[in-house]
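Just so it is clear, none of the values below were taken in a lab; they were calculated from the coordinates. Remember, it's a predicted structure, so these values are computed and weren't measured experimentally. Virtual Cβ from ideal backbone geometry, glycine too; neighbours counted across all protein chains shown.
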Amino acid sequence: GAGRDAGGAGAGHVAGAVPQPAAAVSAPLTSGAGGGQSSWAQQVHRLAGGEEPPVAPWKPPVEDVFQAAARRQAAARPAALGRRLAARLLDTVVLGAVTAVAAVPLGIEAVDHIDAKIDAARLSGETVTVWLLDGTTSVHLGIVLAVLLLAGVLLEVLPTAKWGRTLGKKLLGVEVRDIEGHEAPSFGAALRRWLVYSVPGLLVVGVVGVLWCLFDKPWRQCWHDKAAHTFVAAG
């Protein structure tokens, strides 16, 4: 009876154990935060040629703006005075040709007007002072100056502010840069540069300002460069 009880107890213990399914033991782990393997469905999908999840494209590192500015400043050097002079002469010829389109006809009218006044004074037989600058000639002169200013803005200021170069500077390989950032100057700085160059130039005093670059160091600035905080660099 004891043997049977022991045997029965042993048999009951063996019979009570629940066997684990073979599939549960051999099934791979799913991927997750723990770094497990892919599931069977994922592996079959990959072997069947399924699309992989999109991969973020590689982005090149962005250049540091401060390091780039430091390299530009280290590489910048004033342009040769001969090339600057040649560029300025070329720009002056282009600007003069554009201004002459309005100045020549108006100048001819002004001369005819003064001649008519002189002839009228002679015919009167009296001593009359003939003023060269009157209501008519002053209007003609104002129009010519307005054309000169407008042409200067279009041919000098805008290209300098946008690219740092006028036509003459581009052909001669020089450019205008800001003295601090070494970039093209702003529109305000380019306009100030042009006015300081042109207005004294009309009064002949600008010759001194242009020749100032012969003695200025280290950036060889003329008066108009100092007013705009710019310098002319080799391109």
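What to note about this one:
- Efficiency of FRET from Cβ geometry, Lys162 and Leu211, R₀ 22 Å, rounded to 0.05: 0.20
- Prolate/oblate/rounded label for segment 93-171 (Cα gyration tensor, a/c 1.5): prolate
- Those lysines that a straight Cα-Cα span of less than 29 Å connects to Lys217, excepting residues fewer than 8 apart in one chain: Lys162, Lys169, Lys170, Lys226
- For Thr230, the residues whose modelled amide H falls within less than 5 Å of its own, excluding neighbours fewer than 5 places apart on the same chain, are Ile179.
- Between Arg122 and Val101, the modelled label-to-label distance comes to 3.7 nm, taking each label 7 Å out from Cα in the direction of the beta carbon.
- Rounded to the nearest 0.05, the FRET efficiency derived from the C-beta distance between Glu183 and Leu81 at R0 = 30 Å is 0.85.
- Centre-to-centre, using Cα atoms only, segment 95-109 and segment 180-235 are separated by 27 Å.
- Shape of segment 150-228, Cα gyration tensor, a/c cut at 1.5: oblate
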